[in-house]
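Notes follow the structure.
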C-alpha cells in the first residue's frame, strides 16, 4: 500500500474522529515498531496540516494490558489536548496515565493493534455516527438495567448485577476516551462479587494476537474466576495471568461490540471485540472505568453469537441485533 493511502486514512482520523482544531497540542504515543512509527508520522503530519502542534512520544512496547507507560510519556499526556495511542499490542485505556490525562482535559484515542491496512479502509462520517448512536443506545440500556444474563451458543451462561453502574459508550468520535478508526463497544463494570456462572471464550483473548484453537472454559463464583478447565497451553497461560495479583481474577467488565463496519472474519485482535453483537468480558482492573477492582492487569475475552437479557428481557439474540 502506498504512502498516499496511509496519509489519507490518517487525515480522516485526525479530522473526523479526533476532530483536531487549529492551535491544539496533539501527542501521538507510539511504540518503537516501524509500522506504528509510520502510522504515527502520518498522523502527526495530518494534525499539523490542520494547524495543530503535533509531536510523537516513542516507547518500548508494553507487555500486559494495564501496564503504565514511562513517566515521561505519562507526563506529556497531561499537557496535550488530543492524544492518539498507536501501539502494536497493549492499549493505554486501562491505565492511570489515561485517567490523569482525561482529568487534565485531554481527549484520548486508543489505537492498539491498528495496522496500515486499517487506515486505508474506506469509511464515511456516516459510519462513525452510526457506531456512536449504537454505542450510546447500549450505554443507556446498561445504565437503566439492574441485572444482566449473558449466554452464547458455545456455552457461556453468566449473570451479574450492574445496578447503579453507568454504561460507557466507546466509539470513534471525539470524547474523553475514544477509539479509532471505526472500533466501537459499550461496557459496564459489574458490582463486585455479583458475577457467577460459566464463561466460554471462543474467539480470542485480546492481546494474544491469535484466534483461539479451542475455547477457554472459566468458572465464575462471587465475582471472580475460580477455575479454568483443561490442560491446553492457552488455559495454563491464562491461569498464570490471573494469578498476577489479588485483583487479577475479578470479573471487571461486561461489554458488547457496536461496530457494523468491522468484518466478521476474526483476526485474533482487539478488533474482534468491536464486531457488532460480539460480547467480551474484562478480567482484572476496572477502577478507571467506574469499578473498585485494582490490579496490574486487564484482559478481555471475546465471545461470538451472544444473547443478552437485561432485567429478564431479551435485548440481543445470538449476536444478531438489538431486540425489543
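Here the label points at residue 235 and residue 37, each 7 Å from Cα along the C-beta direction, are separated by 4.3 nm in the simple model. Springs between Cα atoms under 10 Å define the GNM used for the chain, and in it the highest mean-square fluctuation of 195, 235, 252 occurs at 235. Distance between the modelled labels on residue 311 and residue 64, one decimal in nanometres: 3.9 nm (7 Å Cα→Cβ projection). Within the range 3-119, the ratio Rg/Rh, alpha carbon atoms throughout and Rh by Kirkwood, equals 0.93.
Pairwise Cα distances in the range 153-264 exceed 21 Å for 46 percent of all pairs.
Principal semi-axes of the equivalent ellipsoid, √(5λ) from the alpha carbon gyration tensor of the range 207-324, are 24, 18, 14 Å from largest down. Take the Cα of residue 296, go 7 Å toward its beta carbon, and the backbone nitrogen atoms of the range 94-129 under 19 Å from that spot belong to 94-98.
How much FRET efficiency would the formula 1/(1 + (r/R0)^6) give for residue 146 and residue 245, where r is the Cβ-Cβ distance and R0 is 22 Å, rounded to 0.05? Result of the calculation: an efficiency of 0.15.
Normalised by residue count, the chain yields a Cα convex hull volume of 117 Å³ per residue. Using Cα atoms only, what is the angle between the long axis of helix 233-242 and the major principal axis of the chain, expressed in degrees (0 to 90) to the nearest 10? Approximately 80 degrees, to the nearest ten. For the Cα trace of the range 132-179, dividing Rg by the Kirkwood Rh returns an Rg/Rh value of 1.07. What does the C-alpha gyration tensor say about the overall shape of the range 257-324? Classify as rounded when a/c is under 1.5, otherwise prolate if a/b is larger than b/c, or oblate. Cα axes put the range 257-324 in the oblate bin. Contact order for the chain, expressed relative to its length and based on alpha carbon pairs under 8 Å spaced 6+ residues apart, stands at 15 percent. Modelled label positions at residue 226 and residue 79, each set 7 Å beyond Cα in the direction of Cβ, lie 5.1 nm from each other. Between the range 206-252 and the range 38-98, how far is it from one alpha carbon centroid to the other, in angstrom? Their Cα centres are 29 Å away from one another.
Rule-based calculations on the coordinates, nothing more; no lab input. In this text, all values refer to a predicted model and were calculated from it rather than measured experimentally. With ideal geometry, Cβ positions are generated from the backbone for all residues, glycine too; neighbour counts draw on all protein chains shown.
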